[in-house]
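Notes for the one structure printed next.
The values are calculated or read from the model by the stated rules, or taken from the named source; none is laboratory data. All values derive from a computational prediction rather than experimental measurement. Neighbour counts are summed over all protein chains in view; Cβ atoms, including those assigned to glycine, are modelled from backbone coordinates with ideal geometry.
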Ligand SMILES: [Zn+2]
């Protein structure tokens, strides 16, 4: 049976084990190099220009340049192990899960970008609604 994914560009069907390797468009849109299949670890030389492949994947040798963003086996089992697929690209690679406190802007002006301390509250009064 022929697969509908054999000729697609951003879904690389492994010619060896038929695993569907999803090449995420953000990092693979323009790509030339070697991709490691998430199913059988075979290495494939592949080239994409503006999200369109130049040729069918060709067998290549290690080391690989990139892993797919996500993969799926022929019986629809997902492969999300980060030793087989790439982690998603982050908007800020240095993000640690919490904003970094700042008290000065890029231009040197003071900004309130830090959590308040008890000392910051000296002289302030509790907020009240007018009229009551
Ligand atoms: Zn494979």
**Study point:** Among residues of the stretch 33-56, those that are outside any strand (DSSP E or B) and near the ligand (Cβ under 10 Å from one of its atoms), counted
**Key:** 6
Check your understanding: (1) under 28 Å from the mean Cα position of the chain (by Cα); (2) surrounded by 10 or more Cβ atoms within 10 Å (Cβ to Cβ): which one isn't true of residue 93, the others all being true?
Key -> (2)
Check your understanding: Hey, any hits in the stretch 45-58 for a residue that's over 18 Å from residue 15 (Cβ atoms) and in contact with a helix residue (DSSP H, G or I) (Cβ under 9 Å, 6 or more places away or on another chain)?
Key -> yes
Practice item. Take residue 4 and decide whether it is more than 14 Å from the ligand (Cβ to nearest atom), assigned to a loop (DSSP other than H, G, I, E, B) and either touching a strand residue (DSSP E or B) at 6+ places or on another chain (Cβ under 8 Å) or in contact (Cβ under 8 Å) with a residue 40 or more places away in the chain (or both). Key: no
Study note, to complete from the structure: Over the stretch 76-99, the set of residues modelled with pLDDT under 85 and either in contact with a strand residue (DSSP E or B) (Cβ under 6 Å, 6 or more places away or on another chain) or farther than 30 Å from residue 34 by Cα (or both) is 96, 97, 98, 99
Check your understanding: Of these, 16, 66, 36, which one is over 22 Å from residue 88 (Cα atoms) and either under 18 Å from the mean Cα position of the chain (by Cα) or in contact (Cβ under 8 Å) with a residue 12 or more places away in the chain (or both)?
Key -> 16
